[in-house]
Amino acid sequence: MALTLFHSNQNTRSLALRSRLLAALTGCMVAIFMVGATIPAVSAAPKTVAVLPFTMNSPRDLTFLQNGLFSMLSSRLSDSGKVEVLDRATVDAALAGSPADLTQDRARDIGKGLGADYVLFGSLTHFGDSVSLDAAMVDVTGDKPALTFFEQSNNMGDVIPLVNTFAGDINRKVFNRSIDNELYVQPAQEGPRAPGGFQQSRQGGFVNLQQPGGGGFATHLSLDEVITAMAVGDLTDDGTLQVVAATDSTLMIHRMSDSQLVLEKQLEYSSNNRIVALDIADINGNGYPEIFVTSLTIHLDGLQSFVVEYNGTDYVTRVDNQHYYYRVIKDPDGSQALMGQRTGNGPFDGPVYIMQAGGTGYTRQKQVRLPRNTSVLSLAKGPVTAESMDEYVMINRFGRLVVANDGGSEEWESTGKYGGTAHVWLMPRNDPDGSYRERVYIHPRIRFYDMAGDEKLEILAVQNNEFGGGVIGRYKRFKDGNIQVLSWNGIALAPLFQTHALQGWISDFAIADIDADGNDELIVSVVTQTKLAILSKDKASSIISYELVQ
Amino acid sequence: MIQVVVYINDKEKKMKKLMVLVAALALVAGSAMTAAAADWNFYGSARVSTFITDLDVADTTNYEQGLQGNSRIGASVKVSDELTGGFEYGTKVNLRKLYGEWTFGAGSLLVGQTYTPLNYFYSNQVYGPDNDLLAQGGVYSGRQGMIRLKFGGFEIAALAPKTSTLNSGDGTEVEVSLPGIEANYNMVMDAFSFNLGASYQTYELLGTATGDHDVDSYVVAFGAKTGFGPVSIGGNVYLGENIGNIMPLSVDGDNAWDDGFADWNGTEVLDNEAMGFILVASMKANDMFAFEAGYGYAEVETLGGAGDDNEVQSYYVQSTITLAPGVFITPEIGMFDGEEDGSEETLYYGAKWQINF
């Protein structure tokens with residue numbers, strides 16, 4: 001029995017030993033196989049890809065997009081040690097003198113000349129809002145069939161996803177590499193730091209980061225009223241700034257004291273006014289800046305704007321009952337220009353003029369060419385696609401950010417919505433019921449400002465978000481709003497920073513050093529409660545500021 | 001038993017129609033949520049009228065309450081800056097609007113059913129419902145299927161002619177050779193705006209004992225509006241012939257839109273000439289209260305000495321009380337006066353209750 005047990009134990013040990021040996025052998029074989037499989041890949045020379053500039057078929061100058069396509073494809077195909085993309089200068093030199101229309105054979109010849117393994121070429125056709133991307137990746141040796149790609153979209157903003165898809169196809173089918181679309185970004189560069197209470201975005205998408213240790217704002221004023229518009233300026237020419245807040249028919253002039261806005265003067269106007277925009281600038285050059293007040297009539301279908309100015313002792317109305325929307329726009333050279341838009345058939349209809357002081361009022365100097373559906377109230381001028389260019393940025397009637405050149409042609413339009421306020425214009429009746437008029441909503445201002453301190457101007461735009469995404473109902477109700485800082489990324493205006501979402505809706509903003517600490521602040525008027533029922537007392541607004549420390 | 005089955009079948013058919021409508025709306029709504037390429041905005045309006053109507057000739061006084069037929073649900077759609085559209089359904093399965101509009105460089109092309117160019121809305125009379133003095137001096141061609149071109153303030157549309165002739169009999173053949181044409185020019189100048197428009201249509205009565213006869217209709221209209229602070233004044237005037245085929249006319253004091261048509265006396269077409277105007281003054285005191293008073297007058301004269309000439313006037317005062325954005329009550333008192341002996345005199349008072357969303 002004991003012997004039997006001994007033998008049994010011996011057999012068990014032998015079995016265990018054999019099992020270990022078998023496992024070790026299997027492991028070694030797998031390891032050898034894997035190493036063997038890996039060695040050729042490691043030892044193989046990296047593949048070289050020549051990305052030829054895409055042919056741009058468009059009535060517009062899309063050079064920026066041509067350059068952007070090259071950059072995007074280069075970054076998406078590059079794989080350190082495995083795939084190298086030839087630089088643009090090398091490719092351009094090889095293409096010198098080549099015909100514009102490329103065939104696959106001609107592309108192979110160019111590739112051979114460049115010593116490339118693959119050549120990527122194609123075209124982008126843009127007509128109206130439609131865009132088509134047609135491209136081919138050819139193997140220079142001709143051993144493999146060309147990988148072709150064509151896709152179209154009704155939205156110019158879809159170019160980036162199309163490029164992502166195309167690059168993904170190439171990586172998967174040619175280089176046997178699979179990468180998620182969101183990783184198709186260049187290594188994160190040290191971007192501009194988000195100032196003050198801004199959330200920071202990241203290239204390739206908008207990241208909702210809560211900025212640690214920051215993000216706060218200071219509240220300077222709270223009112224049981226709806227602040228419909230706001231502006232900042234040195235109205236009395238005494239070297240200190242005043243903050244002017246408007247309600248429907250009142251201007252409240254405040255001065256900062258111990259971090260609070262203290263009411264200095266309240267100006268009451270006819271209760272038939274519905275003030276929707278304010279601006280402050282010394283257009284008539286007398287040393288006292290004027291307050292340009294854009295006011296609708298009580299019927300919300302006409303204008304009765306007016307201009308107020310300090311005369312050394314009191315505030316007086318310089319002109320009234322003006323049928324213009326007013327906006328003061330800061331030119332890239334730092335000068336300020338008064339823009340006026342005639343009533344037209346609504347806030348996005350009338351012609352826009354540069355205005356000048358003349359006589360007792362303001363007269364039209366020159367008409368500005370702008371795209372259709374533009375409102376001067378949400379218009380800014382500055383460089384967008386190139387530092388040297390004078391371009392206009394606007395939020396159009398449909399809430400889209402639009403970049404236009406100084407000839408009035410649209411260069412880019414966002415897919416997302418911006419702007420939005422509760423200020424409404426009632427279009428002429430087109431229904432037997434008088435209450436059932438088309439409602440056109442006015443957007444708040446946008447402006448240029450160097451937020452990152454890199455001497456490059458960014459664009460600040462309000463984005464007020466409606467309940468239900470604005471799909472349901474004729475009456476706008478806002479759940480929250482934020483201010484976005486956007487910059488041109490070669491393809492589109494992309495957000496860099498944004499304020500934390502503020503409950504309610506943002507009616508206006510300004511940038512000025514209101515606390516005289518040497519740093520500008522972003523001053524925001526936010527409406528947290530809008531009167532919804534006639535008997536309720538539920539209006540509330542605040543003026544807050546974010547410190548812009550650069 | 002059979003009657004019960006028939007009833008159930010009718011009910012089922014109505015239910016099916018309703019379900020098809022609901023399914024279609026759900027489909028559209030679902031598409032709207034997912035189709036980021038288009039901006040959809042759904043809206044609606046629920047209206048109930050509560051009026052007491054006192055008829056002088058009929059010598060009756062009735063309280064009437066009901067959901068107004070012009071309550072609606074619909075949506076406007078923006079596919080792109082150039083391509084827009086919309087639809088609207090009423091309280092039954094009646095299509096009020098369905099159109100698409102393409103904006104090209106100089107203007108826009110609209111295809112579908114919506115308000116035609118010749119519609120001036122200066123009055124807000126709510127009785128009727130929402131009568132707006134339309135048949136007592138107003139200019140109202142209504143919603144029709146059309147092809148419309150618009151260039152700035154000018155618009156012109158081709159639409160189907162209406163072919164009603166009084167007393168022409170069921171056997172009379174009608175031949176239409178041309179579409180009806182409507183054109184209007186609208187201009188807005190700061191605090192003043194005006195409309196100048198016209199409409200023309202023609203058809204032929206065939207195979208009568210006296211041969212074929214043309215029935216022509218036309219209207220020429222002008223309207224204007226201006227405002228001074230909280231007060232605004234608007235109105236329109238028109239002249240026309242056989243206008244019943246273009247827009248409503250009611251000269252009997254009963255607000256039945258059945259006048260202004262050409263008459264057939266057995267041997268010839270008796271045309272009629274009509275003239276009308278309205279004048280409306282309104283004042284918006286504040287965001288809660290607005291007041292309005294309006295007066296409308298229309299007369300029709302049958303040419304050739306046959307038949308009666310007739311006229312009507314209507315006037316009202318009202319206040320629109322806005323309880324909250326989109327929530328309105330409009331009390332109103334007014335009169336339709338058929339003027340001639342035998343014509344009705346209708347005194348009414350009550351209110352319209354309305355929620356727009």
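Computed quantities for the displayed model
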read-out	value
From the options A:F448, A:F467, A:F478, residue that is modelled with pLDDT under 90 and farther than 23 Å from A:D349 by Cβ	A:F467
Residue check, B:K284 within 14 Å of another protein chain (Cβ to nearest Cβ), in contact (Cβ under 8 Å) with a residue 60 or more places away in the chain and either of a type in the set (K, R) or touching a helix residue (DSSP H, G or I) at 6+ places or on another chain (Cβ under 9 Å) (or both)	no
Matching strands (runs of 3 or more DSSP E) fully within the stretch A:469-550 where at least 2 residues are among the hydroxyl-bearing types (S, T, Y)	A:521-529, A:540-547
Residues of the stretch B:119-164 classified as within 12 Å of chain A (Cβ to nearest Cβ), part of a loop (DSSP other than H, G, I, E, B) and either of a type in the set (A, V, I, L, M, F, W, C) or without any contact (Cβ under 8 Å) to a residue 40 or more places away in the chain (or both), total	7
The stretch B:242-271 residues that are charged (D, E, K, R), paired with ones that are part of a helix (DSSP H, G or I) (beta carbon under 7 Å, 6 or more apart)	B:D259/B:G244; B:D271/B:L303
Residues within the stretch A:265-282 that are more than 14 Å from every other protein chain (Cβ to nearest Cβ) and either touching a helix residue (DSSP H, G or I) at 6+ places or on another chain (Cβ under 9 Å) or at pLDDT below 95 (or both), tallied	2
Positions within the stretch B:107-118 being touching a residue at least 60 places away in the same chain (Cβ under 8 Å) and among the hydrophobic types (A, V, I, L, M, F, W, C), in sequence order	B:L118
Considering residues of the stretch B:217-247 that are assigned to a loop (DSSP other than H, G, I, E, B) and crowded, with 22+ Cβ neighbours inside 10 Å only, the residue farthest from the chain's Cα centre (by Cα)	B:N242
Every residue from the stretch A:339-362 that is touching a Gly at 6+ places or on another chain (Cβ under 9 Å) and more than 14 Å from chain B (Cβ to nearest Cβ)	A:V352, A:Y353, A:I354, A:M355, A:A357, A:Y362
Selection within the stretch A:436-455 - of a type in the set (A, V, I, L, M) and either within 13 Å of chain B (Cβ to nearest Cβ) or buried (at least 21 other Cβ atoms within 10 Å of the Cβ) (or both)	A:V440, A:I442, A:I446, A:M451
In the stretch B:34-69, the residues that are within 12 Å of chain A (Cβ to nearest Cβ) and at pLDDT below 90	B:T34, B:A35, B:A36, B:A37, B:A38, B:D39, B:W40, B:N41, B:G69
Yes/no for B:L279 being under 15 Å from B:L133 (Cβ atoms), at pLDDT 90 or above, surrounded by 16 or more Cβ atoms within 10 Å (Cβ to Cβ) and touching a helix residue (DSSP H, G or I) at 6+ places or on another chain (Cβ under 7 Å)	no
Unique match (being in contact with a helix residue (DSSP H, G or I) (Cβ under 9 Å, 6 or more places away or on another chain), away from every other protein chain (no Cβ under 14 Å) and modelled with pLDDT of 75 or more) among A:T63, A:T103, A:T55, A:T125	A:T55
Index of the failed condition, A:S305 passing every other in (1) within 14 Å of another protein chain (Cβ to nearest Cβ); (2) crowded, with 23+ Cβ neighbours inside 10 Å; (3) in contact (Cβ under 8 Å) with a residue 24 or more places away in the chain; (4) not β-branched (V, I, T)	(3)
Residues that are among the aromatic types (F, W, Y) and more than 30 Å from the chain's Cα centre (by Cα), drawn from the stretch A:269-312	A:Y269, A:Y288, A:F306, A:Y310
Selection count, the stretch A:436-465, where residues are closer than 22 Å to A:L502 by Cβ, part of a strand (DSSP E or B) and more than 18 Å from the chain's Cα centre (by Cα)	1
Residues of the stretch A:419-436 satisfying the condition of being touching a residue at least 24 places away in the same chain (Cβ under 8 Å) and not aliphatic (A, V, I, L, M)	A:G419, A:G420, A:T421, A:H423, A:W425, A:P428
Residues of the stretch A:381-435 satisfying the condition of being among the β-branched types (V, I, T), more than 13 Å from chain B (Cβ to nearest Cβ), more than 25 Å from A:T297 (Cβ to Cβ) and in a strand (DSSP E or B)	A:V393, A:V403
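Rundown of residues vs (1) without any contact (Cβ under 8 Å) to a residue 40 or more places away in the chain; (2) in contact with a helix residue (DSSP H, G or I) (Cβ under 6 Å, 6 or more places away or on another chain); (3) not in a loop (DSSP other than H, G, I, E, B), yes/no style:
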site	(1), (2), (3)
B:A58	no, no, no
B:T84	yes, no, yes
B:E88	yes, no, yes
B:W102	yes, no, yes
B:G105	yes, no, no
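The values are calculated or read from the model by the stated rules, or taken from the named source; none is laboratory data. Keep in mind it's a predicted model, so treat the numbers as computed, not measured. Every residue, glycine as well, gets a Cβ built from its backbone with ideal geometry; the counts of neighbours run over all protein chains shown.
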